[in-house]
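Take a look at the structure below.
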Amino acid sequence: SGLGAFSAQTPELVPGNIIRFDAVPDSASDGVPTKWMYVNSWYVIGPFPNPDRVNIRRRFPPESVVDLDATYVGKDGRVVKWKFEQALSSVARRDHRAYVIPSTAEQYGIWYAYAEVFVDRECDVWLAVGSDDRSDLWINDLHVWGSGNDLKVWNINEGFRKVHLKRGRNRFLARI
């Protein structure tokens, strides 16, 4: 049991961007009691260039400021802008339902994903973090996760971090 036994196939894994600890029992409008949830709604921008992985550590503009109205020059000189994307919650394979695949997905690129998670009270929570290849995660501008530079397949429980969330809006920025 515990974090080591975490599985993407657990029936307690539900989608959402709102955490309510003070929910009214048996109220559908207050969410579903759960042990694990995944953030299912994101704004995604990319691709930024990464030929032969040479930019694996290069900082692109979204790491400095998240401006959902901004446009930038991306891979191959194309203009990139933020697009709303959602997880594949309805896929038949339960181990893939937390995937967020950018509609602009292609090889040798870097994307950023931004989400806001709302919490009804200040709390510490455990995050399971996973990506294919290199990734980073910032919460409220604090770097909380950085994977290695290895080529690898996506694994929802690649790493775990205990993080502090403040009451109200919490900003998540992921580099993938």
Inter-label distance for V125 and D69, nm, one decimal - labels placed 7 Å from Cα along Cα-to-Cβ: 2.9
Residues with amide H under 5 Å from that of Y38, placed H, sequence gap 5 or more: V14, G16
Nonlocal amide H pairs with V144, under 5 Å, H built at 1.01 Å: L137, W138, I139
Rounded to whole Hz, the Karplus (6.51, -1.76, 1.60) HN-Hα couplings of the range 40-52, x for glycine and proline: 10, 10, 9, 9, 10, 9, x, x, 9, x, 8, x, 6
Distance (nanometres) between label positions extended 7 Å along Cα→Cβ at E116 and R57: 3.4
Inter-site label distance for V79 and A105 at 7 Å from Cα along Cβ, in nm: 2.6
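Values quoted throughout were computed directly from the atomic coordinates according to the rules given, and no laboratory measurement underlies them. Note that the structure is predicted; figures quoted are calculated from it, not measured. Every residue, glycine among them, receives a Cβ derived from its backbone with ideal geometry; neighbour counts consider all protein chains shown.
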